[in-house]
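Undergrad: Handing you this structure, nothing more for now.
Derivation of every value follows stated rules applied to the coordinates shown; laboratory data play no part. Computed from a prediction, not measured in an experiment: that's the story for all the values here. Cβ placement follows ideal geometry from the backbone for every residue including glycine, while neighbour counts extend to all protein chains displayed.
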Amino acid sequence: MRPSAFTEVSEEVSISRMTEHDLLEVVEIEERAGLSRWGWAAYYAELQGNHPSFMLVARLRRPLEQGKTYDLAGYIVARLVAGELHINNVAVRDEYRRREIGSTLVNHVLEEGKRAGAGIAFLEVRAGNSIAQALYEKCGFQPIGTRRNYYFEPVEDALVMSAQLQTEA
């Protein structure tokens, strides 16, 4: 269930599998985005796990530093369980938001999940994060419920959202 090593998405963005070499930047993005902390060890364990998961990174082709070809702009982590795709984390660097990178990552992982046989996708998002909710709705997700006090630091409810990936027979 591994996506192709490198996918050309646009002239500006490419999507590729996350590798161990990406983890420091992934954790940096996670911390700056204020996501519930996974940390390096959890991402590494997920990369090494023997289960169907999708760990992708988005890179921009515009160098930020001299000699640097790509810049890690964002990432997504999802897992396939019993025909369901669960999106665990999605984050984009602040300076690259509003450039369709988040929706590109979400749509890419939804397509990968669909090809792997997932019939539905789920995620949780902070109840107060209307920007992320709008992004997910744009990608086909709809709210289906609430998990009380799901998030910590600060404590907040989660809105559960789902997207149908396969048409029911």
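Undergrad: Grab the Cα-Cα distance for Asn129 and Gln166, subtract it from 0.36 nm times how many residues apart they are, and report the gain in nm with one decimal.
TA: Extra length from Asn129 to Gln166 when fully extended: 10.6 nm.
Undergrad: Can you give the Kirkwood hydrodynamic radius of the chain from its Cα pairs, in Å with one decimal?
TA: Over the chain, the inverse of the mean reciprocal pair distance is 16.4 Å.
Undergrad: How high is the relative contact order of region 24-169? Use alpha-carbon pairs under 8 Å, at least six apart in sequence, and give a whole percent.
TA: Value for region 24-169: 18 percent.
Undergrad: Same structure again: Sorting check: for 48-56, 95-103, which peptide has the highest mean count of neighbouring beta carbons within 10 Å, and how do the rest follow?
TA: So the peptides 48-56, 95-103, ranked by packing, come out 95-103, 48-56.
Undergrad: In debye to the nearest 20, how big a dipole does the chain give about its Cα centre with +1 on each Lys and Arg Cβ and -1 on each Asp and Glu Cβ?
TA: 180
Undergrad: Still on this structure, I have one more. Pop a pseudo-label 7 angstrom from the Cα along the beta-carbon direction at both Glu95 and Val155 and give the gap in nm to one decimal.
TA: Here the modelled spin labels are 3.8 nm apart.
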